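Contents: one structure, followed by commentary.
The values are calculated or read from the model by the stated rules, or taken from the named source; none is laboratory data. None of the values given here were measured: they were computed from a predicted structure. Heads up, the Cβs are rebuilt from the backbone with ideal geometry, glycines too, and the neighbour counts pull from every protein chain shown. We work out accessible area using only protein heavy atoms, side chains counted, and drop any ligands, DNA or RNA first. Shrake-Rupley method; radii C 1.70, N 1.55, O 1.52, S 1.80 Å.
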Amino acid sequence: MRRCTAGAAAPAALLAAVCLAVTGCGSSSQPPPEVDWAAGVCRHLTDSGARLAVPTVDRTQPVRAQRQMVTFLTALGDRLGALRTAMGKDGAPPVDGGAAAFGKALARLDRARASVGVAAATLSRAKVTDQKSLNSALDAAGTSLRAVGSYKGPADDLRTDPKLKAAFDENPGCAAADNAAPGGQGAGDGS
């Protein structure tokens, strides 16, 4: 009897050791590479959108309102640039067709950043002395922003690829990042 117990325990112990070493017995703690990649993008989105809020503009103080909006647009452009740099360091997602989707997302991000830069420069150059001139300056600056008015950010663009959509959807932190990102769903127009 003793021999039978030892004999049955040895194969079970060996099987358990092999199972744990090779596969973790079905419990993978490592997400697929594209899910891990998406988590990095979401971190960048959260970081770039952190503490960036559209200012409450008091139109009865037009010069101050102009400065506030120029400061906001400049900060937004800087954040979009930092996001672009961070995403560029991570590189394209590790899925078939990922490089093409990544290139398109970065191109839209670049266009959004350029539009924000044009808006900031336009508003900065405007001669504002009263509410009427402030409204004209804001309208002129808004013209360049209208082109990217529906832009929701690079994660939204990347989600057009079904594999990447699944990767983003499997990340709980990505829902919050979508709303925090500059240019994302949480960004307003300051009006």
Checklist entry - How many residues does the stretch 70-116 hold that are among the charged types (D, E, K, R) and on the phi > 0 side of the Ramachandran plot? => result 0
Checklist entry - Restricting attention to the stretch 112-142, and to residues there that are under 30 Å from Lys165 (Cα atoms) and without any contact (Cβ under 8 Å) to a residue 40 or more places away in the chain, which single residue is surrounded by the fewest Cβ atoms within 10 Å (Cβ to Cβ)? => result Ala114
Checklist entry - Condition test on Arg51, is it open to solvent by 60 Å² or more (accessible area, probe 1.4 Å), within 24 Å of Gly173 (Cβ to Cβ) and in a loop (DSSP other than H, G, I, E, B)? => result yes
Checklist entry - Restricting attention to the stretch 91-100, does a residue exist that is within 24 Å of Pro172 (Cα to Cα), more than 13 Å from the chain's Cα centre (by Cα), touching a residue at least 40 places away in the same chain (Cβ under 8 Å) and surrounded by fewer than 13 Cβ atoms within 10 Å (Cβ to Cβ)? => result yes
Checklist entry - Which of the residues that make up the stretch 156-177 are of a type in the set (A, V, I, L, M, F, W, C) and modelled with pLDDT under 90? => result Cys174, Ala175, Ala176, Ala177
Next on the checklist: Residue under question is Gly103, and the condition is that it be more than 14 Å from the chain's Cα centre (by Cα) and either modelled with pLDDT of 95 or more or part of a helix (DSSP H, G or I) (or both); does it hold?
Outcome noted: yes
Checklist outcome for this item: Flagged in the stretch 54-84 as in contact (Cβ under 8 Å) with a residue 60 or more places away in the chain, within 16 Å of Ala155 (Cβ to Cβ) and open to solvent by 20 Å² or more (accessible area, probe 1.4 Å), in numbering order, are Arg79
Checklist entry - Somewhere in the stretch 21-41, is a residue at pLDDT below 85, part of a helix (DSSP H, G or I) and either closer than 30 Å to Arg159 by Cα or within 28 Å of the chain's Cα centre (by Cα) (or both)? => result yes
Checklist entry - Out of Arg113, Arg79, Arg108, Arg84, which single residue is touching a Phe, Trp or Tyr at 6+ places or on another chain (Cβ under 7 Å) and among the charged types (D, E, K, R)? => result Arg108
